[in-house]
1. Right, THR141: more than 30 Å from LYS19 (Cα to Cα), loosely packed, with under 12 Cβ neighbours inside 10 Å, at pLDDT below 95 and among the β-branched types (Val, Ile, Thr) or not?
2. Please go through segment 107-128 and give me each residue that is among the small types (Gly, Ala, Ser) and over 16 Å from ALA87 (Cα atoms), ordered by number.
3. So how many residues does segment 65-110 have that are of a type in the set (S, T, N, Q) and within 29 Å of GLU130 (Cα to Cα)?
4. So in segment 48-79, with the set limited to residues that are within 15 Å of LEU120 (Cα to Cα) and aliphatic (A, V, I, L, M), which one is surrounded by the fewest Cβ atoms within 10 Å (Cβ to Cβ)?
5. Within segment 110-132, track down each residue that is surrounded by fewer than 20 Cβ atoms within 10 Å (Cβ to Cβ) and under 13 Å from SER59 (Cβ atoms).
6. Can you go through LEU106, LEU120 and tell me which one is closer than 30 Å to LEU53 by Cβ, part of a loop (DSSP other than H, G, I, E, B), of a type outside the set (S, T, N, Q) and touching a helix residue (DSSP H, G or I) at 6+ places or on another chain (Cβ under 8 Å)?
7. Taking the residues in segment 45-87 that are of a type outside the set (A, V, I, L, M) and not in a helix (DSSP H, G or I) as candidates, determine which candidate is farthest from SER116 (Cα to Cα).
8. Please find, among ILE127, ILE162, ILE133, the residue that is of a type in the set (A, V, I, L, M), outside the structural domain of LYS19 (by TED's automatic domain parsing), farther than 30 Å from TRP54 by Cβ and not in a helix (DSSP H, G or I).
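The values are calculated or read from the model by the stated rules, or taken from the named source; none is laboratory data. Small disclaimer: the values here were computed from a predicted structure and weren't measured. In this analysis, Cβ positions are derived from the backbone assuming ideal geometry, glycine residues included, and neighbour counts consider all displayed protein chains.
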Amino acid sequence: MNTERKSVIVKEIQYWKDKRLLPSVYCDFLLALYTEGNGFENESSKAGNKKKLWLTIDSVFLLSLIPFSILITHFTEFVLVLQIGIALLFILIGLFHFTAFKTRNLEYAHVALVSSLLILLIISVSIISELAISDFWVYLTIFLNGLIWLKAGLIYKYKYLIVCSLVNVMFVGFSIFQ
């Protein structure tokens, strides 16, 4: 078989693998067969590795926003309005990433949504605890965050958000009636 024909077959098998038309084990076998065990690294797989690297870096960035929000609320002398502004910026960054990942059906959308919801919880509880006179308002804020998690879980069919929101409601209920 000539090399041009092998190259076309290898590209087609790589396309099947990238689009998941065949299980990757079968595609790996066929690639090994047609490349005579030398393997084949084409531009699309290199681009896929680069894309995965950037998505991983982006996810680490999104997760790093959580400790930064804790740092801003607890360990700085920023004015309350500045804290709220920075927190809103972090939440908007997370939601922007969520919509971008969700439209592309990437699993990284979970990281973006969870980081946004956790930042919302951290910021809202710290602001309310700073302003409120009684613990009732803090409990109410945590409860309302749980409802937001429940709504997001129901809209996007994320079962872990539904479970977390129900656990949240139970803990707030136990804390209030203790």
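1. On the way: more than 30 Å from LYS19 (Cα to Cα): yes; loosely packed, with under 12 Cβ neighbours inside 10 Å: no; at pLDDT below 95: yes; among the β-branched types (Val, Ile, Thr): yes.
Considered against the rule, which asks whether it is more than 30 Å from LYS19 (Cα to Cα), loosely packed, with under 12 Cβ neighbours inside 10 Å, at pLDDT below 95 and among the β-branched types (Val, Ile, Thr), THR141 comes out as no.
2. Matches in segment 107-128: ALA109 only.
3. 4
4. Just the residues of segment 48-79 that are within 15 Å of LEU120 (Cα to Cα), to begin with: 62-74.
Next, only the ones that are aliphatic (A, V, I, L, M) stay: 62-63, 65-66, 70-72.
On the way: LEU62: 23, LEU63: 15, LEU65: 21, ILE66: 18, ILE70: 15, LEU71: 10, ILE72: 20.
Per the stated criteria, the residue is LEU71.
5. Scanning segment 110-132 gives a single hit, HIS110.
6. Within the list LEU106, LEU120, the selection yields LEU106.
7. Only one residue tops the list, namely GLU77.
8. ILE133
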